[in-house]
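Read-outs throughout are calculated quantities, based only on the coordinates presented, and are distinct from any laboratory measurement. Just so we're clear, the structure is a prediction, and the values are computed from it rather than from any experiment. As a convention, Cβ positions derive from the backbone with ideal geometry for all residues, glycine included, and neighbour counts pool all protein chains shown.
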Amino acid sequence: MEFNSIFDYTLIYATIRAATPILFAALAAVITQQADIINIGTEGIMLTGAFTAVCISYFTGNWFLALIVSMIAGIIMSMIMAVAHIRYKADICAIGTAINMFALAITKFGIKQFLGTTGSFTDPKIAAIPRINIPLFESNKYLDGLFNNWSLMEVFGIIMVLIMTFMLYRTVWGLRLRSVGRFPMAAETAGINVNKMKYQVMVISGILGGMAGAHLSIGYSQMFTENMTNGRGFMGVAAMFFGSTNPMLAWIGCLLFGFTDSIGGRLQAYGWPSQFVLMMPYIITISVLTVSLWRKAVRDAKIKSSLVAEQS
Amino acid sequence: MNEYIVEMSDIEKNFGQVKAVDKGQFNLKKGEIHSLIGENGAGKSTMMKILYGIYPKDGGTIKVGGGELSDISPKKAIGHGIGMVHQEFMLVNELTVLENIILGFEPRKKIVIDFDKARKEIKKYIDTYKMDIQPNKRINQISVGEAQRVEIIKTLYRGAEILILDEPTAVLTPQECKKFFEILNNLKADGKSVVFISHKLNEVMEISDRITVMRQGRFVDTVNRNATNTAGLAKMMVGREVFLNVEKKKAQTGGTVLDIKDLWTSGEKELSKIRGVSLDVKAGEIVGIAGIDGNGQSELIEAITGLRKVEKGAVILDGVNITNCSPKKIREGGLTHIPEDRNLRGLNRGMSIMDNLVAVKLDRKPFAKGIIRNRKEIYDFSKSLIKKFDIRPDDPQALTQSFSGGNAQKVVVAREVDAEGKLLIASQPSRGVDIGAIESIRRILNEVKANGKGILLISADLEEILSLSDRIVVMYEGKIMGVVKAEDANEDNIGMLMMGGIPAGMSEVAGGEA
Amino acid sequence: MKVTNKYVNLLFTIVISMLIGAVIMLILGFNPLEAYFQLFKGAFVGKLNLGTTLQKFVPLLLTAMAFAISSRVGVFNVGVEGELYLGAMAAAWVGFTFVGLPAPIHIVLCFAFAMLVGAVWASIPGALKAQWGVNEVCVTILMNYVATFITSYLVNGPFSAKTGVPQTPAVAAGVKLTQFMKPSQAHTGLFVAVAAVIFIYWLMSSSTIGYKFTSVGLNPFHAQYTGIDPKRTMIGAMLLSGAVGGMAGCIEVLGVYGYFLDNFSSGIAFDGMLAALIVKSDIKTVPFMAFFLAVLKSGALGMERYTGVPKAIVDTIIAIFIIFATMEALLAFNKKRKAKKDVQASSGKQSEQGGLKNGI
């Protein structure tokens, strides 16, 4: 097994490429988690966005329109969740799972009804999200492999992480959101409309989730398959937990998953049974979740312990 | 011109079937300190929460500054200059003092927070009212007294002219209280008006200009402070002559039932970590732990009862080492426990009276054979306990969910006392309980003592400690400041110890074994 | 009054969802009355139809109960699908490996091993939640994928029957559960499942174990204080839940197929879970909701065959039904939730309580 052909510079971009759909899902989960809403429905929102994007792109040939409409589709799905959970007090995991099932059902129905086939749909007419081509880089192998031909979404993803971090920790809106998620009563008595903020983050989450799906179907690939998200929405949620709801740390988590995903593909070429390879991201996610919470427990115990010398 | 800046008339408020406020009346003059008193469940907190917009009213009118207000929300109330400091502080643990103060009223540069401006403004309040706080610390890093000051500054920062304080002295020592009253007088001198919700009659008599009494949701009377006294107030609150001093018999002590040796355990705050506490309780005596809430009492009890890990030292129950044993084993060793938080620990609110009463005996005959439960036995057992302890309603299958504080506490007391352990730990047994129930609980504690059990009593209510205990242990910042015999104890020397000082005329007794 | 409200609300939700389904059908040019007629005919009329309904009912019932059991202690076992697969594989393996054992012993061994595997699998997220507060919804969903991959590897690799179809060798003839309603696949596993459910119902309502589950689920702090160990109870509930999930898989293999087939479940456990969620995991009503879903699923086949209305419409209606049910159900079934909220609100403390609550 050639170590060098697995771990080479192309792995860096491959990691970023694989991490991007998970990143948008993770950001969708982060923003709602700040309001103490676990967005289990991210998977369903993503799937809906993916399907919508392919549909619109196929019928209009316009990738930008497809992106916008998939964002709207994401908002519709997230608003169903929002109303059910906030107004009608549905349990968030229940309605999240319900949305996931709903997305599976309507996309299955849609692929037959609108695209005339079942299982999987692909067509050269699908307009993809463009890549940024910098002719200047083409001369150098490394620059070309590392920085050239990035999809718009991959760049935008990183920008989104920075925007969200700024919004959360430096703006008025972000401070209020953080209070809403941690102690809603305190926010209420400060005159903050807790429910309004919850609706706001659900809308943002729907937009991000829809974008995640759009990138998956017309950015990362050019097709739609039934259940195409295949757990990536949940990995986004896991990355959110990994980062303790901090966008920058969640991004690290996404890179980790992208990394294992890319390695997996390469190892597969060397005859490792495909299932073990495909399993890896999920096992790593579980481990990461466990380790981060275990470390938190250890940290808390240390802070509270009487045996530790008095801190000022 | 109306002299009242707040007028509440004929207020009605229902929570489901329960009538919390029935024709409530309250008015406030500008620049006065007006106390609103009553037993638990009297409706005083509810009245003020309605004024502040936390609950909508079901009837009546509210006027602020002469103009009628309807559909009040906290935001609207704040806009009209009303601020409220709640019993449970509305502070977000993970955010800093500064962030908590400015929350909702942030000084801004477009969408970004102007942190410098915020710091400057807060410093003004610290200097004007002499309230010491640290803006950059997180709430989970500061003391309770400081947190309260943060809450007050928060209301002032939001432009409050009317301050509603809900049981503010519940967490303060007698000396911190004095300082707190000075702050109140400073506020009054500055033209602010204060509503002081309390059930502590001595304090109310000290600080108020006028006093309004509520009883069972209804308005009783408003009196000038000069026209009344504590006995008069108590009578209005309860509607009968109140005898709070239950006769205390001298203890006839036997062997040691509880022996705590050099205990170290973790703490939620730095000041509540236990570092080297030793004390003992003998059969037939009541040992009272006095101290302001949050000085480690909760942690100490949790460590004894197996709900918190003991990091160093030992707990010995009737000769058996139970350190870090499971709660189940500790109970089997003869420990019973009335916890300080009946909603969290004491009861399962979602279950019926009978399921709650049988909770600690559920695996044993005759209530269960193996894993099969015997419903009839449990029912009969519950019925007899309900009768003995006067629990209302008297249906064993009734859910405990909507029980009042006093009734709920009776269920807990019934269960623990019936279990007839060797040691009974009673933690804040009268907190949030009406006077009638308090009397019966204190009577029950004395009966348990007369039956030869040992009782470890923890209370933040000094009067309760003084009236029940045979020996008093004072805790401060996780350590024992002193042990005083009942006949030597009074409010002054115990109060001093509670603040970490050594009372005049007392030799050093701090830290030693009782 | 509150009890009848619960059922009325449920009925109301069903009616609304079916109306929405009817509207969708109309838009697409189908006749909803005919479609629903064929739906119910397809579920009940004729041995094939009724039998299919019964056959689909079994795994739905068991997976719904599995979820309801863990919900009792406040743990959402979304990993029943994984337990189903692993239990199925375990049963298949015992079934085709230990040929020659007397049939009664062999069957018991199949069930026992399947339930053991399911229990152990479920105990992992249970332990993680009990000890460190790891979100079990996330972990169990991820573990489902791992379980599917494990069984996929096994059925395509070491356990393959090498027939070109991804299946294991057939189990011994003596182990197969009799199919009593040919030409459908309804089998005697139905009676095993019903017996199991009756036992579980008794366990939850009349045993000390049921009491402990309920106590921990409503207020783990109180439970701990009274001497019940919440961590152990949570893990115990997950063990039981996983065992039932494993049993479901075992019955599918022994009753329907006779071998393990790759990807044989198209989300059966998720449907079961949703049946439980709709009735808020109320042990009494879960079986009825599971049956109702079985009716819908089985009837959908007939509906598609006779009217051309695609099956996916039924899935959509079910999803809409569930969306409404999670809302409506809560309005009526306030008692337990309010009790929980009171505990959280009045404790005055905020989020973290260590291993007993969800940590962020």
(message) Testing the spin-label approximation: label points 7 Å from Cα along Cα→Cβ at residue C:195 and residue A:79. State their distance in nm.
(response) 5.4
(request) Provide the per-residue ³J(HN,Hα) series for segment A:187-196, in order, calculated from phi with Karplus coefficients 6.51, -1.76, 1.60 and θ = phi - 60°, each as a whole number of Hz, with x at glycine and proline positions. (result) 5, 4, 6, 8, x, 8, 7, 4, 5, 4
(request) Quantify how much of the Cα-Cα distance distribution of chain A extends past 31 Å, in percent. (result) 34
(request) Take peptide C:310-319, look around each residue's Cβ out to 10 angstrom, count Cβ atoms belonging to other protein chains, and average those counts. (result) 6
(message) Please report Rg (one decimal) and Dmax (integer) in Å for the Cα set of chain B.
(response) 24.2, 76
(request) Taking the Cα centre of the protein assembly as shown as origin, work out the dipole magnitude from +1 charges on Lys and Arg Cβ and -1 charges on Asp and Glu Cβ, in debye rounded to 20. (result) 1620
(message) At a 10 angstrom cut-off on C-beta neighbours, averaged per residue, how do the peptides C:314-325, A:241-252 rank from highest to lowest?
(response) C:314-325, A:241-252
(request) Would you list the membrane-span-like helices of chain C, meaning whole DSSP H runs whose alpha-carbon atoms span at least 20 Å along their axis and whose mean Kyte-Doolittle value is at least -0.5? (result) C:2-27, C:47-72, C:80-97, C:103-132, C:136-156, C:189-206, C:230-251, C:286-307, C:311-332
(message) Under the 0.36 nm per residue contour assumption, what length would be gained going from the current alpha-carbon distance of residue B:87 and residue B:30 to full extension?
(response) 18.1 nm
(message) I want to check the label-to-label distance for residue B:451 and residue B:374. Put each point 7 Å from Cα in the C-beta direction and report it in nm to one decimal.
(response) 2.1
(message) Using only DSSP helix segments of four residues or longer, with each worth -39500 (n - 2.57), what per-residue ellipticity at 222 nm results for the protein assembly as shown after dividing by its residue count and rounding to 500?
(response) -17500 deg cm²/dmol
(request) Scan around residue C:187 for amide H atoms under 5 Å from its own, H built in the peptide plane at 1.01 Å from N, and keep only partners 5 or more places away or cross-chain. (result) C:180
(message) Under 5 Å between amide hydrogens, which residues at least 5 positions from residue B:457 or on another chain qualify, with H placed 1.01 Å from N in the peptide plane?
(response) B:287, B:288, B:289, B:426
(request) Quick one: work out Rg over Rh on the C-alpha atoms of segment C:30-113, Rh as Kirkwood radius. (result) 1.15
(request) Ignore the peptide's own chain and count Cβ atoms of other chains within 10 Å of each Cβ in B:359-368; give me the average, rounded. (result) 3
(message) For residue B:215, what residues show an amide H to amide H distance below 5 Å, using hydrogens built from the backbone and excluding near sequence neighbours?
(response) B:220
(request) Report the normalised scattering of segment A:162-282 as log10 I(q)/I(0) at q = 0.09, 0.21, 0.23 Å⁻¹, calculated by the Debye formula with identical scatterers on the alpha carbons. (result) -0.36, -1.28, -1.40
(request) Provide, as a two-decimal number, the C-alpha radius of gyration of the protein assembly as shown over 2.2 N^0.38 Å, N being how many residues it has. (result) 1.01
(request) Principal axes first, then extents: for the Cα atoms of segment A:1-94, list largest minus smallest coordinate on each axis, whole Å, largest first. (result) 57, 37, 20
(request) Obtain the radius of gyration and the Kirkwood radius of segment B:4-238 from its C-alpha atoms and give Rg over Rh. (result) 0.97
(request) Take the Cα gyration tensor of segment C:244-310, multiply each eigenvalue by 5, square-root it, and list the three semi-axes largest first, rounded to whole angstrom. (result) 21, 21, 10
(message) Give me the base-10 log of I(q)/I(0) for segment C:2-344 at each q in 0.07, 0.11 Å⁻¹, Debye formula, one uniform scatterer per Cα, rounded to two decimals.
(response) -0.30, -0.74
(message) On a full-extension model of 0.36 nm per residue, what is the gain between residue C:27 and residue C:99, subtracting their alpha-carbon distance, rounded to one decimal in nm?
(response) 20.3 nm
(request) With a Förster radius of 22 Å, plug the Cβ-Cβ distance of residue A:8 and residue A:269 into 1/(1 + (r/R0)^6) and report the FRET value to the nearest 0.05. (result) 0.95
(request) Enter the mean projected area of the convex hull around the alpha-carbon atoms of segment C:86-159, in nm², rounded to one decimal. (result) 5.4
(message) What are the equivalent ellipsoid semi-axes of segment A:96-200, built from the alpha-carbon gyration tensor (square roots of five times its eigenvalues), in whole angstrom, biggest first?
(response) 38, 29, 9
(request) Ignore the peptide's own chain and count Cβ atoms of other chains within 10 Å of each Cβ in C:224-233; give me the average, rounded. (result) 6
(request) Please report, in whole Å, how far the alpha carbons of segment B:340-420 spread along each principal axis, starting with the longest. (result) 34, 24, 23
(message) Given R₀ = 41 Å, what would the calculated FRET efficiency be for residue A:155 paired with residue A:112, taking r from the Cβ atoms and rounding to 0.05?
(response) 0.70
